[in-house]
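Below is one structure, written out as structure tokens; the observations come after it.
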Amino acid sequence: MSGAVRAWAREEWGSLYGVVRERLRARSWRAIPLTLAAVCLTAVFQYVQNQPWGYRFVQDIGSVRAEDPLWLALLRTPLSLFVPALDLPVWGALAQILLVFGIAELCLGRWRTLVIAYVVTLAGTLYARLGIALGPDGPLGLPASDARVVDTGPSAAVVGLAVYVCWRHRAWCTGALVVATMVVECVVEPNLAGKEHLAAIGAALALCALTALRHRRGPVRFGAPPTRS
């Protein structure tokens, strides 16, 4: 049984582990400058927004709500990736960013990681507006009160990046587990955050499909999935 488990783990994570180990061995922490910057920025935002003088400042530059004008939401979205939720422990957000952003940066590169994180976060932001327009009666809809709820922050980017990296390195079970966990979260607690996570997954899967299509036709912007011997 142990041999079968090892064989499965090698099949599931071998490609991913090989890339991460090689690039960390070559450059150590210098291989993940984006990830380290994201962790530091998130920690700074967490500290500032918990100060009496800093809460309004963080809200004004990085908190996105569906009731905001679209132009303002789009302007704030890049920084919203690094504003953690006030009601959740910040160490969880920092650990997620360090792990998922770090692996993504090692596997995809700095700019691809940043682009994918932004696209999936933007998908969640735009979904919130669509969901409120649809109303609370349908499965994709949201109550009007959610227009005043702050978007998910870094978690949508973390979920989207995890799905994309799992697809690229053929970690099918891990990717399916991420998706299933988000679906269960949305069923158990059908709030704005859960549905934005599903929107981020949808955007990540769309990027996967786009990458596969471009790979068939020629050069791939987001990187073609590796083949296994």
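Of the residues that make up segment 45-66, is at least one closer than 26 Å to residue 208 by Cβ, surrounded by 14 or more Cβ atoms within 10 Å (Cβ to Cβ) and either among the aliphatic types (A, V, I, L, M) or in contact with an Asp or Glu (Cβ under 7 Å, 6 or more places away or on another chain) (or both)?
Within segment 45-66 (the criterion being closer than 26 Å to residue 208 by Cβ, surrounded by 14 or more Cβ atoms within 10 Å (Cβ to Cβ) and either among the aliphatic types (A, V, I, L, M) or in contact with an Asp or Glu (Cβ under 7 Å, 6 or more places away or on another chain) (or both)), the answer is yes, since at least one residue qualifies.
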| request: Would you be able to tell me the number of residues in segment 129-139 that are within 23 Å of the chain's Cα centre (by Cα) and farther than 30 Å from residue 99 by Cβ? | output: 4
| query | Does residue 121 qualify as being touching a residue at least 40 places away in the same chain (Cβ under 8 Å) and in a loop (DSSP other than H, G, I, E, B)? | reply | no
| said: Against the conditions (1) of a type in the set (A, V, I, L, M, F, W, C); (2) without any contact (Cβ under 8 Å) to a residue 12 or more places away in the chain; (3) touching a Gly at 6+ places or on another chain (Cβ under 7 Å), where does residue 95 fall short? Just the number, please. | reply: (3)
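Residues checked against (1) modelled with pLDDT of 95 or more; (2) surrounded by 15 or more Cβ atoms within 10 Å (Cβ to Cβ); (3) more than 22 Å from residue 205 (Cα to Cα):
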| residue | (1), (2), (3) |
| --- | --- |
| 87 | no, no, yes |
| 103 | yes, yes, no |
| 117 | yes, yes, no |
| 132 | no, yes, yes |
| message | Quick check on segment 141-152. Is at least one of its residues under 14 Å from the mean Cα position of the chain (by Cα) and either in contact (Cβ under 8 Å) with a residue 60 or more places away in the chain or part of a helix (DSSP H, G or I) (or both)? | response | yes
| said: Checking the conditions here, which among 20, 64 is hydrophobic (A, V, I, L, M, F, W, C), touching a residue at least 40 places away in the same chain (Cβ under 8 Å) and not in a helix (DSSP H, G or I)? | reply: 64
| field | Residue that is farthest from residue 87 (Cα to Cα), among those in segment 23-61 that are in a helix (DSSP H, G or I), of a type in the set (Val, Ile, Thr) and in contact (Cβ under 8 Å) with a residue 12 or more places away in the chain | value | 35
| message | Checking residue 132 against (1) free of Cβ contacts under 8 Å to residues at least 60 places away in the same chain; (2) assigned to a helix (DSSP H, G or I); (3) not small (Gly, Ala, Ser): exactly one of these is not met. Which one? | response | (1)
| Among residues of segment 179-229, those that are modelled with pLDDT under 85, in contact with a helix residue (DSSP H, G or I) (Cβ under 6 Å, 6 or more places away or on another chain) and part of a helix (DSSP H, G or I), counted | 0
| request: Look through segment 26-62, keep the residues that are within 23 Å of the chain's Cα centre (by Cα) and of a type in the set (D, E, K, R), and return whichever of them is farthest from residue 148 (Cα to Cα). | output: 30
| request: Please enumerate the residues belonging to segment 104-114 that are farther than 12 Å from residue 165 by Cα and either touching a residue at least 24 places away in the same chain (Cβ under 8 Å) or touching an Asp or Glu at 6+ places or on another chain (Cβ under 6 Å) (or both). | output: 110, 114
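The values are calculated or read from the model by the stated rules, or taken from the named source; none is laboratory data. Here the structure is a predicted model, which is why all the values come from computation and not from measurement. Reconstructed Cβ throughout: ideal geometry from the backbone, glycine too, with neighbour counts over all protein chains shown.
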